[in-house]
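Read-outs: derived from the displayed coordinates by stated rules, not from any lab. Quantities reported herein were computed from a predicted structural model and do not represent experimental measurements. Cβ placement follows ideal geometry from the backbone for every residue including glycine, while neighbour counts extend to all protein chains displayed.
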Amino acid sequence: MQGVRRLLRQVYYRLRAERPASWWGKFMLAWRYDCHVSPRAYVYQPRRIRLAKDVEVQDRALLNFHSTKGSGVNLTIGAHTRILPEAKLIPQGGSITIGEHCTVQYGTLLYGEGGLTIGDNTRIAAYCVIAPMNHVYADPKTPIRLQGETAKGIRIGRDVWLGNGVRVVDGVEIGDGCVVGAGSVVTKSLPPYSIAVGSPARVIKRRE
Ligand SMILES: CC(C)(COP(=O)(O)OP(=O)(O)OC[C@H]1O[C@@H](n2cnc3c(N)ncnc32)[C@H](O)[C@@H]1OP(=O)(O)O)[C@@H](O)C(=O)NCCC(=O)NCCS
């Protein structure tokens, strides 16, 4: 009896699992926007994705995995922007909007819960994590998973450079032209053209 239950559970898991777009689905997405979507990328819910001319979604990039079901566009990528292998763009219940001529490098993880916008010409180096969401943890007697979430959103301006491994927390605005040093954790908004480093990130100089 236990074996049958196990088997049924396995069938249920497989039926419930999200299925990525087929080779044809990815080809049609690329065709529609006149851009490149690698046949080896993992693309979910392609109808909710808006690309533009000359976007490059490279091998093993992951788009829209585990985003809530819906009909509206939740992931927008501007012209000439490159999404490199192992980068993961996960809007969840929110949205991610990336401008033109940006790069999202290897292994970077972008969430969109409270809304994430990234301006034109911005470079996001490898293994950054940007998460516009926090768990509520005020009540120590209730598990954090039951206390809900807050999500204000993150805005990253134009011509920003985030070094390798930068983390950005919810509610932060990184102004146009900022540079953030490798490994920094940005917990407060940065005025335009700041150079900030460390955890928490502090402005050490300005670009002007
Ligand atoms: C932020 C950065 C651009 C600053 O370069 P810079 O303008 O030449 O600045 P400096 O090297 O003169 O450093 C200024 C100070 O900040 C410190 N600093 C620089 N980068 C830092 C970092 N990532 N974390 C903590 N402190 C840092 C330096 O130690 C120095 O401190 P000091 O004045 O006490 O000696 C550079 O250090 C950096 O982190 N680059 C990112 C590299 C990267 O991720 N490349 C990926 C390619 S896409």
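Ranking of Arg48, Arg9 by neighbouring Cβ atoms within 10 Å, starting from the fewest: Arg9, Arg48. For the chain, averaging the sequence separation of C-alpha pairs within contact (under 8 Å, six or more residues apart) and dividing by the residue count gives a relative contact order of 11 percent. First select every other residue whose beta carbon is under 11 angstrom from the beta carbon of Val185; then total the charges, Lys and Arg +1, Asp and Glu -1. With Lys, Arg at +1 and Asp, Glu at -1, the neighbours total +3.
Ranking of Lys141, Lys69 by neighbouring Cβ atoms within 10 Å, starting from the fewest: Lys141, Lys69.
Going by how many other beta carbons lie within 10 Å of each one, how would you line up Thr187, Thr108, fewest first?
On the way: Thr187 14, Thr108 25.
Fewest-to-most Cβ neighbours within 10 Å comes out as Thr187, Thr108.
As a test of understanding, state the convex hull volume per residue of the stretch 105-208 from its alpha carbons, in Å³.
92 Å³
Only one residue of Ser95, Thr142, Phe65 has its Cα farthest out toward the positive end of the dipole of the stretch 33-177, where Lys and Arg carry +1 and Asp and Glu -1 on Cβ, and that residue is Thr142. The chymotrypsin sites (Phe, Trp or Tyr not before Pro) of the stretch 108-167 that meet both conditions, a loop assignment by DSSP and at most 16 other Cβ atoms within 10 Å of the site Cβ, are Tyr137. A convex hull fitted around the alpha carbon atoms of the stretch 1-125 yields 109 Å³ per residue. Expressed as an acute angle from 0 to 90° and rounded to the nearest 10, what is the orientation of the C-alpha long axis of helix 23-33 relative to the principal long axis of the chain? Approximately 40 degrees, to the nearest ten.
Under the criterion of Cα pairs below 8 Å and six or more residues apart, the relative contact order for the stretch 66-125 equals 34 percent.
Among residues other than Leu116 whose Cβ falls under 12 Å from its Cβ, what is the net charge (Lys/Arg +1, Asp/Glu -1)? Display every interim value, and only then the final one.
Numbers: positive: Lys152, Arg155; negative: Glu113, Asp170, Glu173.
Every neighbour counted, the sum reads -1.
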